[in-house]
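The values are calculated or read from the model by the stated rules, or taken from the named source; none is laboratory data. In this text the structure is predicted, and so the values were computed from the model without any measurement. Methodologically, a virtual Cβ is constructed for each residue, glycine included, from the backbone with ideal geometry; neighbour enumeration extends over all protein chains shown.
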Amino acid sequence: MLKYDYGKRIKTMVNREIALEQREVAISKLSHKYHEKLVDLEERFRQQNTRFQKINKKIEMENKKYDEMKKTIDIWKNRISEIQNEAQRCVAEAVHKRQQLINQLDEIHTLKLATNTYINLNALPERIQGVFVYETEVGNSWHPFCFEPLSHTPEEVQQIIWGNSENAMVYSEAWERLVFRSVREMLQQLTKGS
């Protein structure tokens with residue numbers, strides 16, 4: 001029985017050894033699968049990391065482009081704002097000048113009617129041309145005039161237009177203030193400019 005026991009023990013030992021070897025093989029297979037999966041995961045991680053870096057670079061480039069475009073847009077907004085402000089200022093100035101001109105033309109019209117002196121505004125500033133209408137015993141008489149403003153003094157202008165009229169001094173002051181002075185200044189600026 002002893003022999004039988006030894007055989008049984010040896011068989012048990014061999015069976016255990018076979019079982020251990022089978023477990024080793026199974027563990028080896030599992031380890032191999034694990035390492036294959038690990039290598040596969042590492043490769044996928046590397047590929048995804050490469051893709052992530054490419055995408056990240058594109059995002060950075062697009063952010064830079066966006067920042068540049070935003071700066072350009074801000075610059076243009078500032079320029080447009082400045083241009084709009086300048087345009088509004090110019091419009092306000094033009095409206096103001098136009099209103100001044102209208103007021104001046106209204107004053108000139110009133111002065112024309114009050115003094116019976118009519119000036120051809122189209123002939124200005126090169127020459128002052130017009131007619132002075134005055135009453136005589138017979139009726140109205142016309143006294144035409146045409147002269148260059150820079151070649152005469154205000155007193156000479158008064159004499160040329162109104163002659164010896166009793167209101168010549170009053171007429172002369174009003175016309176000098178409204179028209180003649182500005183015509184002389186304009187001509188002097190034109191002369192200096194050329």
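Before moving on, here are some points about what is shown:
- Among the candidates E107, E36, E68, the residue that is in contact (Cβ under 8 Å) with a residue 40 or more places away in the chain, among the acidic types (D, E), at negative phi and surrounded by 10 or more Cβ atoms within 10 Å (Cβ to Cβ) is uniquely E107.
- In segment 76-96 there is no residue matching the filter, namely being under 28 Å from T191 (Cβ atoms), basic (K, R), in a helix (DSSP H, G or I) and at pLDDT 85 or above.
- Qualifying position, being out of contact with any Cys (no Cβ under 6 Å at 6 or more places or on another chain), farther than 21 Å from L190 by Cα and of a type in the set (S, T, Y), among T110, T153: T110
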